[in-house]
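The values are calculated or read from the model by the stated rules, or taken from the named source; none is laboratory data. Keep in mind it's a predicted model, so treat the numbers as computed, not measured. In this analysis, Cβ positions are derived from the backbone assuming ideal geometry, glycine residues included, and neighbour counts consider all displayed protein chains.
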Amino acid sequence: MILVVQKVAEKKAAADRKLAADKKAAADKKAAADRKLAAEKKAATEKKAAAEKKAAAEKKAAADKKAAADKKAAADKKAAADKKAAADKKAAADRKLAAEKKAATEKKAAAEKKAAAEKKAAAEKKAATEKKAAAEKKAAAEKKAATEKKAAAEKKAAADKKAAADKKAAAEKKAAADKKAATEKKAAAEKKAAAEKKSAAEKKAAADKKAATEKKAAAEKKAAADKKAAADKKAAADQKAAAEKKAVADRKLAAEKKAAADKKAATEKKAAAEKKAAAEKKAAADKKAAADQKAAAEKKAVADRKLAAEKKAVADRKLAAEKKAVGQKNVRRSAGQLMQKPKTVSEKKREGRQELLKVSVYLDTGKILTIALMGVLAAILLITTSAFLVK
């Protein structure tokens, strides 16, 4: 009877050891699967980040290429404008030279006619000379006043244009600063969310490790208790009833401990699932917010491009109207010069300086418009690049 009881006890101890070994193997297998899953998830994340980085780099390269092309086109346009201005200046000089030549011819003819008239009517010549001198003096005074008035108006117009350009540049600089601050704030929020997610993952890993340690300790404690019970049974075979009663109590206690451990594991698993669901919900909300911000940025960029195009069209129409008015004024002035007396050297130099001033104003206006357009294009490029980097 004692041998039977001893064999039953040994068989039970072997079964308990096998059960503990199976549990340990299952736990090791589960831990290995978790590690493998985490490694695969990490590799997928790194692969996705590399792909996004590559796409951003390609997009940036395309944007740089487009900006270089736009810059070259602007330079070509400026060169063509300079060439046209030089051609217009040369044509004006040719017309002026022809007018001077014609005036010299007419002056020579008038001198010959005047010499013949002087012999015939000296008194009439003196009166005509005095009347002509008074008229020329009056015309010179009126011309000088008109020139000074026009110069003052052009100076005021140039000052107003410069003030408007400075105001626009300041507004664009402020908008760029506000956009940069918003981008930095969003990046800080995303960094904080990533840190919180990492902390939650580390906390979960620590909890899982602690649970595994407690489970292993309970198994070792149970194995030790079973071993001690078997030794007690073997040493005190005469106390079979008491030993069997103690064994039943030990099995019940182990079952209660196992049930408590399973309940605790299920609770922790449920809490982890709820935490994971909350994290996924937060990530989806962040993704939606980023998409909304990107859409708003794209909408603003389209509005900015439309506004820049409208401003450029208005400026082009204004410049064309000014050029047309200057052309008509030059034509009228050339016609008046043909009818007036030959101009002195000082008057010719003054008119040459005025022409140079007008050409300089037109070139400065073209430069300001070109710089403004390049600023708008740079802002659009910055907004697009920031949106893709955030994505």
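So the values come out like this:
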{"quantity": "Given (1) without any contact (Cβ under 8 Å) to a residue 60 or more places away in the chain; (2) closer than 30 Å to Arg332 by Cα; (3) surrounded by 12 or more Cβ atoms within 10 Å (Cβ to Cβ); (4) of a type outside the set (Lys, Arg), number of the condition Ala38 does not satisfy", "calculated": "(2)"}
{"quantity": "Cβ pairs under 6 Å, 6+ apart, first in segment 158-177 and closer than 16 Å to Lys311 by Cα, second surrounded by 12 or more Cβ atoms within 10 Å (Cβ to Cβ) and modelled with pLDDT of 85 or more", "calculated": "Glu172/Gly375"}
{"quantity": "Meets criteria (within 30 Å of Ala31 (Cα to Cα) and under 33 Å from the mean Cα position of the chain (by Cα)) for Ala200", "calculated": "yes"}
{"quantity": "Which listed residue is closer than 26 Å to Glu280 by Cβ, surrounded by 10 or more Cβ atoms within 10 Å (Cβ to Cβ) and free of Cβ contacts under 8 Å to residues at least 24 places away in the same chain, from Lys180, Lys198", "calculated": "Lys198"}
